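Engineer: Below is the structure I would like to discuss, written out as C-alpha cells.
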Amino acid sequence: MTDDGEPQPLEKLLTLKEVAEILAVSERTVRDFVDKGEIPFVDIGHGNRRRLMRFLPADVDAFIDRRRTTARPSLPPRKATPAATAAGAVDFLAILAKRKADERRRGSS
C-alpha cells in the first residue's frame, strides 16, 4: 500500500534468463550469486522438488549498486616466466648456432 492507502502496483518479476541478460553474465553465474545470497529471489516453484526463481527488478538494481565501483582493483604483479624445460632455461641462440654449424658441416662434406 502507498502512503495514501492505494494499493501499490506490483513490479513484473524477472526470469533467470532476463537477469542474466541485464547483468551480461551466464545463467550459471546468476545462480552462483543466488547461492551466495547476493541476489534475493522469489521461489514460485513447487516446494523443494522444483525451485523456480523470479527476481524483483529492485533487488537486481540493489545488487548492481552494491557491485558498482570507481576504482579499478590492482592486479598482483605478474611473474616472469622464462622458457624452460625440466633441465632449466633453454638457450635458443645456442640451439640455432648448433643447427647452422651442423648444416655447414653437412654442406662441406
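The values are calculated or read from the model by the stated rules, or taken from the named source; none is laboratory data. What you see is a predicted model, and the numbers here were worked out from it, not measured in a lab. Glycine gets a Cβ as well: all are built from the backbone with ideal geometry, and neighbour counts include every protein chain shown. We work out accessible area using only protein heavy atoms, side chains counted, and drop any ligands, DNA or RNA first. Shrake-Rupley method; radii C 1.70, N 1.55, O 1.52, S 1.80 Å.
Engineer: So, in region 38-48, of the ones that are part of a strand (DSSP E or B) and not hydrophobic (A, V, I, L, M, F, W, C), which residue ends up modelled with the highest pLDDT?
Structural biologist: Filtering region 38-48 down to residues part of a strand (DSSP E or B) leaves 42-43, 46.
Those still in the list that are not hydrophobic (A, V, I, L, M, F, W, C) too: 43, 46.
Numbers: Asp43: 90, His46: 79.
Among residues in region 38-48 that are part of a strand (DSSP E or B) and not hydrophobic (A, V, I, L, M, F, W, C), the one modelled with the highest pLDDT is Asp43.
Engineer: Same structure again: Can you find, within region 79-109, the residue that is modelled with the lowest pLDDT among those that are open to solvent by less than 100 Å² (accessible area, probe 1.4 Å) and polar (S, T, N, Q)?
Structural biologist: So, considering only residues that are open to solvent by less than 100 Å² (accessible area, probe 1.4 Å) and polar (S, T, N, Q), the one modelled with the lowest pLDDT is Thr85.
Engineer: Given the conditions (1) modelled with pLDDT under 95; (2) outside any loop (DSSP other than H, G, I, E, B), and given that Ala62 satisfies all but one, which numbered condition is not satisfied?
Structural biologist: The number of the failed condition is (1).
Engineer: Taking region 1-37 as the search range and keeping residues that are under 16 Å from Pro57 (Cβ atoms), of a type in the set (Asp, Glu) and at pLDDT 95 or above, which one is surrounded by the fewest Cβ atoms within 10 Å (Cβ to Cβ)?
Structural biologist: Glu21
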